[in-house]
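Since the structure comes first, as structure tokens, the remarks are kept for the end.
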Amino acid sequence: MKRLLLWSVPVALVLALPAAVWWGSLPDPMASHWGVGGEPDGSLPRAAALALPFAVALLGLLAGRRNPPIAVFMYVLAVLLQGMSVWANLDRADWRDARHLPWWAVVLMIGLATLAGWLATRLAPRREDVPDGPVQTLDLPPGRHAVWVSRCTNVPMLAVGYVFLGAGAVALLIVGPGGAASPVPPIIAITGVVIGLAGLLVSTIRVQVSERGVAVAYGPLSFPVWRRALPAIAAARTEDIKPTEVGGWGLRGLPPHTTLMLRAGECLVLEYPGGGRFAISVDDAARGAALINTLKNR
């Protein structure tokens, strides 16, 4: 946390620099949103537009307490947002005359921030041990086999996923053959389908622990399935985690430090040899962790 606080100082200075240098050369209000075609279609007061990246950096600071690479991602994203916003509005008398921003510029910005977070993950010091504390185990007699299965569903996320998927599918039908005159751009329809599918995948999970390892099945159809063999797990434990501590809901973070957050509370945490962990918000997590440790001890 101390390192994040130290890094937040230069990030804040970088964010404040454009506002201090080019304040008088920016329109008030400023363009703050661009349409699919790259044209400005929304605005905010100048002070609010320049303060928005600070809010992004603050979210990164809060989320990075448990996962520093998330903070790096948010910090870089905030700096790029500030630079893009100032460049697009610089020397424009009216926000409607702001420079166009093509879709690929937004993709590039998110890609650069993701790359920075990934590099932070790879360069972070590796822990060679698991957290201190009692290791949970079960009294499982020799020769006995056991399987633990648990599920968790975030109903609001599931509903939003279905809404986006349905709306996107309908929009694709509208813009398909015979729908050329539709006001719905194809990119919006495709985006709705992608968001809907992503929302469904991370809104409900099924976790199974057996002698073969841990299997996490995503989505209402329990597909795809992520598997981890027992030798690839150093230990299992439980931990109370809040969405604000990992950056929100859904799949958060970058490997090998990821969290599947569906609800606040007790999570099953898989510790990896050499550092890294995968936290999963699932019911009855203590029993699942105990069975993993018991099977590993065998």
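If a residue has to be part of a strand (DSSP E or B) and open to solvent by 60 Å² or more (accessible area, probe 1.4 Å) to count, how many in segment 203-223 make the cut? Spell out how you get there, then give the answer.
Taking segment 203-223 as the starting set, the residues that turn out to be part of a strand (DSSP E or B) are 204-210, 213-218.
Those left that are additionally open to solvent by 60 Å² or more (accessible area, probe 1.4 Å): 206.
Within segment 203-223, residues that are part of a strand (DSSP E or B) and open to solvent by 60 Å² or more (accessible area, probe 1.4 Å) number 1.
Among (1) in contact (Cβ under 8 Å) with a residue 40 or more places away in the chain; (2) touching a strand residue (DSSP E or B) at 6+ places or on another chain (Cβ under 6 Å), there is one condition Glu266 misses while meeting the rest; what is its number?
Looking at each condition in turn, Glu266 falls short on (1).
What is the one condition in (1) out of contact with any Pro (no Cβ under 9 Å at 6 or more places or on another chain); (2) closer than 22 Å to Tyr162 by Cα; (3) at pLDDT 90 or above that Pro220 does not satisfy?
(3)
Give me the pairs: first residue in segment 27-52 and on the phi > 0 side of the Ramachandran plot, second residue open to solvent by less than 20 Å² (accessible area, probe 1.4 Å), beta-carbon distance under 6 Å, and six or more apart or on different chains, which are they?
If the second residue must be open to solvent by less than 20 Å² (accessible area, probe 1.4 Å), the pairs left are Gly38/Leu101.
Return yes when Leu291 is buried (at least 19 other Cβ atoms within 10 Å of the Cβ), outside any strand (DSSP E or B) and not basic (Lys, Arg) and no when it is not. Steps first, please.
Details: buried (at least 19 other Cβ atoms within 10 Å of the Cβ): yes; outside any strand (DSSP E or B): yes; not basic (Lys, Arg): yes.
Criteria met by Leu291.
Of all residues in segment 25-42 being small (Gly, Ala, Ser) and out of contact with any Phe, Trp or Tyr (no Cβ under 9 Å at 6 or more places or on another chain), which is least open to solvent (accessible area, probe 1.4 Å)?
Filtering segment 25-42 down to residues small (Gly, Ala, Ser) leaves 25, 31-32, 35, 37-38, 42.
Within this subset, residues satisfying the condition of being out of contact with any Phe, Trp or Tyr (no Cβ under 9 Å at 6 or more places or on another chain) are 25, 35.
Details: Ser25: 43, Gly35: 17 Å².
Only one residue fits best here, namely Gly35.
Which condition number in (1) β-branched (Val, Ile, Thr); (2) open to solvent by less than 10 Å² (accessible area, probe 1.4 Å); (3) under 27 Å from Met74 (Cβ atoms) is the one that Thr191 fails?
Here Thr191 meets the rest and fails (2).
Hey, can you tell me all the residues within segment 23-48 that are among the hydrophobic types (A, V, I, L, M, F, W, C) and at pLDDT 85 or above? First the steps, then the outcome.
The initial filter retains those residues of segment 23-48 that are among the hydrophobic types (A, V, I, L, M, F, W, C), namely 23, 26, 30-31, 34, 36, 44, 47-48.
Residues satisfying the conditions are Trp23, Leu26, Met30, Ala31, Leu44, Ala47, Ala48.
Could you list, ordered by first residue, the pairs with Cβ atoms under 7 Å in which the first is in segment 153-169 and under 17 Å from Gly250 (Cα atoms) and the second is surrounded by 18 or more Cβ atoms within 10 Å (Cβ to Cβ) and among the polar types (S, T, N, Q), at least 6 apart or interchain?
Thr153/Ser203; Thr153/Thr204; Asn154/Ser203; Met157/Ser203; Leu158/Ser203; Leu158/Thr204; Gly161/Ser203
Please state which of the following conditions Leu200 fails to meet, knowing it meets all the rest: (1) part of a strand (DSSP E or B); (2) on the phi < 0 side of the Ramachandran plot; (3) surrounded by 19 or more Cβ atoms within 10 Å (Cβ to Cβ).
It fails just one condition, (1).
Please verify whether segment 203-215 includes one or more residues that are touching a helix residue (DSSP H, G or I) at 6+ places or on another chain (Cβ under 9 Å), hydrophobic (A, V, I, L, M, F, W, C) and either modelled with pLDDT under 90 or over 18 Å from Asp284 (Cα atoms) (or both).
no
If you check Ala49, Ala71, which single one turns out to be within 21 Å of Leu251 (Cβ to Cβ) and open to solvent by less than 40 Å² (accessible area, probe 1.4 Å)?
The conditions single out Ala71.
Here's a check for you: in segment 225-249, which residue that is assigned to a loop (DSSP other than H, G, I, E, B) and open to solvent by 60 Å² or more (accessible area, probe 1.4 Å) is nearest to Ala290 (Cα to Cα)?
Taking segment 225-249 first, the residues assigned to a loop (DSSP other than H, G, I, E, B) are 229, 233-234, 242, 247-249.
Retained after the next criterion (residues that are open to solvent by 60 Å² or more (accessible area, probe 1.4 Å)): 242, 249.
On the way: Lys242: 22, Trp249: 26 Å.
Result: Lys242.
Given the structure, is Gly253 open to solvent by less than 50 Å² (accessible area, probe 1.4 Å), part of a strand (DSSP E or B), at pLDDT below 90 and not hydrophobic (A, V, I, L, M, F, W, C)?
Working: open to solvent by less than 50 Å² (accessible area, probe 1.4 Å): yes; part of a strand (DSSP E or B): yes; at pLDDT below 90: yes; not hydrophobic (A, V, I, L, M, F, W, C): yes.
Judged against the criteria, Gly253 is a match.
I'd like to know if segment 267-280 contains one or more residues that are touching a Phe, Trp or Tyr at 6+ places or on another chain (Cβ under 9 Å) and open to solvent by 50 Å² or more (accessible area, probe 1.4 Å).
The initial filter retains those residues of segment 267-280 that are touching a Phe, Trp or Tyr at 6+ places or on another chain (Cβ under 9 Å), namely 268-272, 278.
Keeping just the survivors that are open to solvent by 50 Å² or more (accessible area, probe 1.4 Å) gives none.
No, every residue in segment 267-280 fails to be touching a Phe, Trp or Tyr at 6+ places or on another chain (Cβ under 9 Å) and open to solvent by 50 Å² or more (accessible area, probe 1.4 Å).
The values are calculated or read from the model by the stated rules, or taken from the named source; none is laboratory data. It should be emphasised that the depicted structure is a prediction, and the values quoted were computed from it without experimental measurement. No Cβ is skipped: glycine too gets one built from the backbone with ideal geometry, and neighbour counts run over all protein chains shown. Protein only, heavy atoms only, side chains kept; ligands, DNA and RNA dropped before computing areas. Shrake-Rupley method; radii C 1.70, N 1.55, O 1.52, S 1.80 Å.
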